[in-house]
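The values are calculated or read from the model by the stated rules, or taken from the named source; none is laboratory data. Just so it is clear, the model here is predicted, and its values are computed rather than measured. We place every Cβ from the backbone using ideal geometry, glycine too, and count neighbours over all the protein chains shown. Only protein heavy atoms, including side chains, enter the accessible area calculation; ligands, DNA and RNA are left aside. Shrake-Rupley method; radii C 1.70, N 1.55, O 1.52, S 1.80 Å.
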Amino acid sequence: MIDDKSGIQWNSEDPRVQRLGTFFADFHPLQQPEEWVTYEVFHQRRRGEQHVHVGSVHAPDPELALVFAKEQFARRQHCSSLWVVPSSQIHISGYENEDMFSTTPDKTYREASGYRLRHKISSYKQAQLHESDR
Amino acid sequence: MYGGGYVFSDPEHQIPPDDPEKLAEFEARIDRGEKIEPQDWMPYEYRRQLIRLIEQHAHSEIMGALPEGAWITRAPGFKRKLALIAKVQDEVGHAQLLYSAAETLGKSRADMVNDLLSGKSKYSNVFNYPAKTWADVAVIGFLIDAAAIVNQVANSKGSYGPYCRALERICYEESFHLKQGYDAFVALATGTKSQRAMLQDAVNRWYRPIIHFFGPPDQESKHSKQLMRWKVKMASNDDMRNQFLDSYVPKVLELDITFPDPELRKDPQTGRWQFGDPDWAEFYRVINGDGPCNAERLAVRRLAEAQGRWIRQAIMNPQQSVTIPFA
Ligand SMILES: [Fe+2]
Ligand SMILES: [Fe+2]
């Protein structure tokens with residue numbers, strides 16, 4: 001096909017290109033979207049589950065942020081609801097203070113698995129049994 | 001899909017010196033296996049190379065959708081058509097994720113898209129070759145996506161947090177691309193005589209671009225060492241290429257489809273694959289704009305931009321009234 005506008009001969013395998021009479025487009029730089037902001041996206045798989053942070057989108061307003069988030073993050077997995085939150089509205093503790101989260105390395109006292117009782121009960125029962133044997 | 005191993009760079013670029021104390025701290029963090037986040041200090045060159053890498057990866061996803069996208073209307077059967085639409089949509093989604101990741105480093109999406117449309121930016125060479133038959137779509141979906149997965153899985157273990165997170169999501173989706181490509185490939189390989197001939201022809205044409213996919217041999221890549229130290233690059237071009245050949249050559253050969261290279265074989269001593277001269281001069285010709293489809297791909301991309309311009313303008317200026325063009 002010979003392009004009407006540019007006169008370029010395209011030997012394209014693409015049927016869409018073959019159909020188009022004028023195919024050559026001049027380069028128009030995209031406008032900088034100055035008003036756009038970043039929104040953090042939270043995805044909820046099913047009703048009742050947590051909304052989980054999955055990424056961010058760049059959008060002019062919350063309504064379009066939701067549209068972009070749906071395309072980007074709810075295409076594959078099941079989704080029951082999305083949240084978008086302007087990134088600037090998120091308050092961050094900052095990695096420079098990361099050490100404030102480190103405490104004693106052994107925290108088994110605050111885990112359920114840190115309390116082992118069965119062996120105590122067994123040995124108590126064992127002792128009881130010996131007692132009654134006598 | 002597709003962050004080729006080769007990252008085009010501008011040799012004249014002047015690199016300003018970094019604060020040595022901060023640099024040492026930064027490198028120690030990387031050595032400990034910690035991720036770097038956008039708000040962290042990073043060396044000038046780390047930021048510059050990452051922008052280049054992620055941006056070229058994003059462009060490759062966008063341009064990679066074109067050869068396959070052209071086959072959606074001609075996909076054989078409803079299921080394959082659905083799968084191809086979903087795959088192409090995923091690839092464009094990958095570009096969106098990657099543009100977001102690159103934006104965290106300070107280059108705006110509009111600047112990146114403009115650099116693609118003006119022809120300034122590079123993208124993976126493989127998409128500058130034509131998809132002549134349906135078998136090409138099978139080869140792309142199977143082997144090019146497989147090559148991309150090798151590359152992306154390696155990069156997902158890199159040091160820059162936003163890029164790694166984008167890649168984890170991408171890799172999850174790629175597994176479907178690979179499977180549907182393999183399915184189409186096997187369907188042709190186990191089909192009629194002419195289906196097999198069509199597939200063999202496509203493999204013959206794609207063999208060289210696939211060898212090129214991971215970039216030139218290690219001794220030709222200039223920045224590799226520092227980029228690997230900083231975990232921007234996670235494996236050398238030759239190592240990734242070898243890993244790909246190791247996994248996928250047997251899968252092709254077992255279907256009695258061959259590669260057009262009598263020298264292709266695995267050295268039993270070293271475990272490395274050897275292949276005939278893949279003509280690296282051609283690789284450089286294509287990356288510099290002179291491939292069989294470079295001009296057409298760019299023109300299609302510009303056309304897409306031109307056709308979507310009115311909606312972008314409407315979004316930018318909600319008060320303005322915009323007339324929808326017919327064509
Ligand atoms: Fe992709
Ligand atoms: Fe893919």
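Kindly indicate whether B:Leu50 is touching a residue at least 40 places away in the same chain (Cβ under 8 Å), more than 16 Å from ligand 1 (Cβ to nearest atom) and part of a helix (DSSP H, G or I).
Yes, satisfied.
Considering every residue within the range A:72-84, establish whether at least one is in contact with an Asp or Glu (Cβ under 6 Å, 6 or more places away or on another chain), at pLDDT 90 or above and surrounded by 10 or more Cβ atoms within 10 Å (Cβ to Cβ).
no
Kindly check whether there is at least one residue in the range B:309-323 that is buried (at least 16 other Cβ atoms within 10 Å of the Cβ), of a type in the set (A, V, I, L, M, F, W, C) and more than 30 Å from A:Gln31 (Cα to Cα).
no
Does any residue of the range B:306-324 turn out to be in a helix (DSSP H, G or I) and under 22 Å from the mean Cα position of the chain (by Cα)?
Checked the range B:306-324: no residue is in a helix (DSSP H, G or I) and under 22 Å from the mean Cα position of the chain (by Cα).
Taking the residues in the range B:58-83 that are more than 9 Å from chain A (Cβ to nearest Cβ), free of Cβ contacts under 8 Å to residues at least 60 places away in the same chain and within 14 Å of ligand 2 (Cβ to nearest atom) as candidates, determine which candidate is nearest to B:Ile140 (Cα to Cα).
Per the criteria, the residue is B:Ala65.
If you take the residues in the range B:136-172 that are within 14 Å of chain A (Cβ to nearest Cβ) and within 12 Å of ligand 1 (Cβ to nearest atom), which one is surrounded by the fewest Cβ atoms within 10 Å (Cβ to Cβ)?
B:Tyr172
Kindly evaluate B:Met228 against the criterion of being buried (at least 18 other Cβ atoms within 10 Å of the Cβ), outside any loop (DSSP other than H, G, I, E, B) and away from ligand 1 (no atom under 16 Å from the Cβ).
Taking the combined requirement at face value, the residue does not satisfy it.
Going residue by residue through the range A:37-55, is there one that turns out to be crowded, with 16+ Cβ neighbours inside 10 Å, facing chain B (nearest Cβ under 9 Å) and within 28 Å of B:Ala83 (Cα to Cα)?
yes
Taking B:Ser175 and the conditions (1) open to solvent by 50 Å² or more (accessible area, probe 1.4 Å); (2) away from ligand 2 (no atom under 16 Å from the Cβ); (3) within 14 Å of another protein chain (Cβ to nearest Cβ); (4) under 18 Å from the mean Cα position of the chain (by Cα), which numbered condition does it fall short on, given that it satisfies the others?
Checking B:Ser175 against (1) open to solvent by 50 Å² or more (accessible area, probe 1.4 Å); (2) away from ligand 2 (no atom under 16 Å from the Cβ); (3) within 14 Å of another protein chain (Cβ to nearest Cβ); (4) under 18 Å from the mean Cα position of the chain (by Cα), the one that fails is (2).
Condition first: touching a helix residue (DSSP H, G or I) at 6+ places or on another chain (Cβ under 7 Å) and of a type in the set (S, T, N, Q). Now tell me which residues in the range B:76-93 satisfy that.
Matches in the range B:76-93: none.
Please enumerate the residues belonging to the range A:66-105 that are more than 14 Å from chain B (Cβ to nearest Cβ) and of a type in the set (Val, Ile, Thr).
A:Val85, A:Thr103, A:Thr104
How many residues, within the range B:240-275, are free of Cβ contacts under 8 Å to residues at least 24 places away in the same chain, more than 23 Å from B:Gly181 (Cβ to Cβ) and open to solvent by 40 Å² or more (accessible area, probe 1.4 Å)?
8
Does B:Gln89 satisfy the condition of being within 16 Å of ligand 1 (Cβ to nearest atom) and open to solvent by 10 Å² or more (accessible area, probe 1.4 Å)?
yes
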